[in-house]
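Here is the structure we will look at.
Laboratory data are not the source of any read-out in this text; all were calculated from the coordinates shown. What you see is a predicted model, and the numbers here were worked out from it, not measured in a lab. Because the Cβ atoms are built from the backbone with ideal geometry, glycine has one as well, and the counts that use them run over all protein chains shown.
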Amino acid sequence: MAVLIDSVAEPRRPRHPEKAHRPDQPVLPKPDWIRVKAPVSPGYIETQRIVRANGLHTVCEEASCPNIGECWDKKHATFMIMGDTCTRACAFCNVKTGLPGPLDPAEPEHVAEATAKLGLTHVVVTSVDRDDLDDGGAAHFAAVIRAIRDRCRKTTIEVLTPDFLRKEGAAEIVVAARPDVFNHNLETVPSKYVTVRPGARYFASIRLLQRVKEIDSEIFSKSGIMVGFGEQRNEVLQVMDDLRAAEVDFLTIGQYLQPSRKHHSVMRFVPPDEFKELAAIAYAKGFSMVSASPLTRSSHHAGDDFARLKALRTSHR
């Protein structure tokens, strides 16, 4: 039996106690196209130092992103606000589950400070789910956006938010702070929600993305899914249609990677050629931008992608 250990907390504390009772799931061997090098570069070490110095969490580390070596070498990081403990227990996710602590009122300034020190021209801010908060953390997102705007006026801002399920008015609070990109990931197809994302509701997530465009049609919207959970091709195509109906601009599709034997199994490693086919279909369905590959993640190359997306909109006017 494999148990993930949180090396930051006290020794031998299980990282995912809510998953400890689950039977071990099979682990498929990774194909050659999914392998990445261990992060050891000077740029990676410097980014790590700045993140640590400001007491911040990153989804790069907490979610065990395979692209951390590449991104941190370029001093790109996705900040994860509101702590490192999530109120949900999604079967795919490597972020800890439990009762989170209180919000840190100094966190917005710390994020802005790290953004300045890293010299980020585009910053991505995400969070754990905070179902314990009345607004799901929407006001904290807004405070972080404002702090970055005050400190780094030329930096563009992308938020990757939770679904704010049953948090009336949360979308309005975040959109009012004027992020440049509003991202919320669907993660998987509707039929897999019960086993993969049990605390969420597919159509509530679609409605959140639709509501963002209703509030401010100028904000770029973005969403992503992972494949490899056992979904059917036609289900992926239906997700594309649902996102286009919600006027989502940018779609990401990546391969699900199993964090441990206690997480949902990888049912299949999708070959690169299939990702290319899905990208072609998504463009045909009307997305302005699509990123689809085995190692695609929501925040991977986010700055470059935003610049291209903005240029596309300008050229079409």
| query | How high is the FRET efficiency from R178 to I45, r the C-beta distance, R0 30 Å, rounded to 0.05? | reply | 0.30
| message | As a footprinting exposure proxy, order T115, T314, T188, T97 by other Cβ within 10 Å, with the fewest listed first. | response | T314, T97, T115, T188
| Going by how many other Cβ atoms sit within 10 Å of their own, how do D104, D84 line up, fewest first? | D104, D84
| task | Treat every Asp and Glu Cβ in region 91-156 as -1 and every Lys and Arg Cβ as +1, leave all other atoms uncharged, and give the resulting dipole magnitude about the Cα centre to the nearest 20 debye. | result | 500
| J(HN,Hα) series, region 124-129, from Karplus relation 6.51 cos²θ - 1.76 cosθ + 1.60, nearest Hz, glycine and proline x | 10, 10, 10, 7, 6, 6
| field | Charge dipole magnitude, Cβ of K and R +1, D and E -1 - the chain, Cα centre, debye nearest 20 | value | 480
| query | Along the positive direction of the dipole of the chain (beta-carbon charges: Lys, Arg +1; Asp, Glu -1; about the Cα centre), which of L160, H140, A171 reaches farthest? | reply | L160
| Environment charge at R130 (Cβ cut-off 11 Å; Lys +1, Arg +1, Asp -1, Glu -1) | -3
| Rounded FRET efficiency, nearest 0.05, which uses the C-beta distance separating E247 from R268 and R0 of 35 Å | 0.70
| message | For a quick check of your reading of the filter: which trypsin sites (Lys or Arg not before Pro) in region 130-189 sit in a DSSP loop and have no more than 14 other Cβ atoms within 10 Å? | response | R153, K154, R166
| Dipole magnitude of region 209-252 about its Cα centre, charges +1 at Lys/Arg Cβ and -1 at Asp/Glu Cβ only, in debye to the nearest 20? | 120
